[in-house]
Amino acid sequence: MHQIFALWAHPRSMSTATERVMRERGDLTCFHEPFMYDYYIGRQVRIMPHFEAEKDRPVTYATIRDMLLKQAEKGPVFIKDMSYYVWPRILDDADLSERLVNCFLIRDPVASIASYFKLDPEVTCEEIGLEAQARHYQTLKQAGQDPAVLQAEDIRADTPRALGALWRRIGLPPADHAFDWQEEQPEEWAQVDGWHGDVSASKGIRPLDAAELQAQKDKFAQLAQEHPKAQAFLDHHMPHYQMLKANALQL
């Protein structure tokens, strides 16, 4: 049985762009948010906008887990997923947990929340995602693990350096070719194309500059005036973000 490398993200954290690099490595079988099907289709927690569910996909936690374990019998697997899809059920799933190499991706929630509201103003507090991430991370730490935490801002600043550090930490070899993407987007992304238009059209990760950082703050300030719950969501999730940030990889 091979390892399953799990990147636990929160929505709008640049996780799909990071997943794209992992796909370009060429040595991993990659899955795009497989547990999304349990959360939004199997359990129907809410209706996810801009989501065209594919037919014949496993839609329960157990069948998704079994699919991943079966694939890991053939070779190493990578999944990009959200902690809130699986929390806390995954804690009692030793068959899967023992196969996982866990890492976490975070982004300043000022930016991620504003980006989410643009696509879905009905987003719930749970779907912001950082609280579940933090609880997931803390539970793994208490169990004796030391999962890597990577910041989206560091990936934007120097993608090879940031992801190179992550790969060394989780035991993957270098793959410099992975930073220049092929033109074709992964077929699996078609089901959520409305969420990932920018990254689907890109051929790499561009740097983050001061103007964009200021624009993110301005967008959130305007959002908070139009949707007061956005500020409440930020206040709720900020302590969880700050805890994860304090444990992020130092590059």
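Candidates Glu98, Glu127, Glu73: the one that is among the acidic types (Asp, Glu), touching a residue at least 40 places away in the same chain (Cβ under 8 Å) and surrounded by fewer than 18 Cβ atoms within 10 Å (Cβ to Cβ) is Glu73. Within the range 36-44, can one find any residue that is under 23 Å from Tyr241 (Cβ atoms), in contact with a strand residue (DSSP E or B) (Cβ under 6 Å, 6 or more places away or on another chain) and crowded, with 22+ Cβ neighbours inside 10 Å? No - not one qualifying residue is present in the range 36-44. Checked against (1) surrounded by 15 or more Cβ atoms within 10 Å (Cβ to Cβ); (2) closer than 28 Å to Thr139 by Cβ, Leu251 passes all but condition (1). On the given criteria, is Lys80 basic (Lys, Arg) and outside any helix (DSSP H, G or I)? Considered against the rule, which asks whether it is basic (Lys, Arg) and outside any helix (DSSP H, G or I), Lys80 comes out as yes.
As for the range 200-209, it holds no residue that is under 19 Å from Pro76 (Cα atoms) and either modelled with pLDDT of 95 or more or assigned to a helix (DSSP H, G or I) (or both). Being surrounded by 14 or more Cβ atoms within 10 Å (Cβ to Cβ) and not in a helix (DSSP H, G or I) is the filter here; which residues of the range 135-165 pass it? Residues satisfying the conditions are Pro147, Ala148, Val149, Leu150, Gln151, Asp158. Among the residues of the range 145-173, just one is more than 12 Å from Ile106 (Cα to Cα), touching a strand residue (DSSP E or B) at 6+ places or on another chain (Cβ under 7 Å) and of a type in the set (S, T, N, Q), namely Gln145.
The values are calculated or read from the model by the stated rules, or taken from the named source; none is laboratory data. Note that the structure is predicted; figures quoted are calculated from it, not measured. A quick note on method: Cβ atoms are made from the backbone with ideal geometry, for glycine too, and the neighbour counts reach across all protein chains shown.
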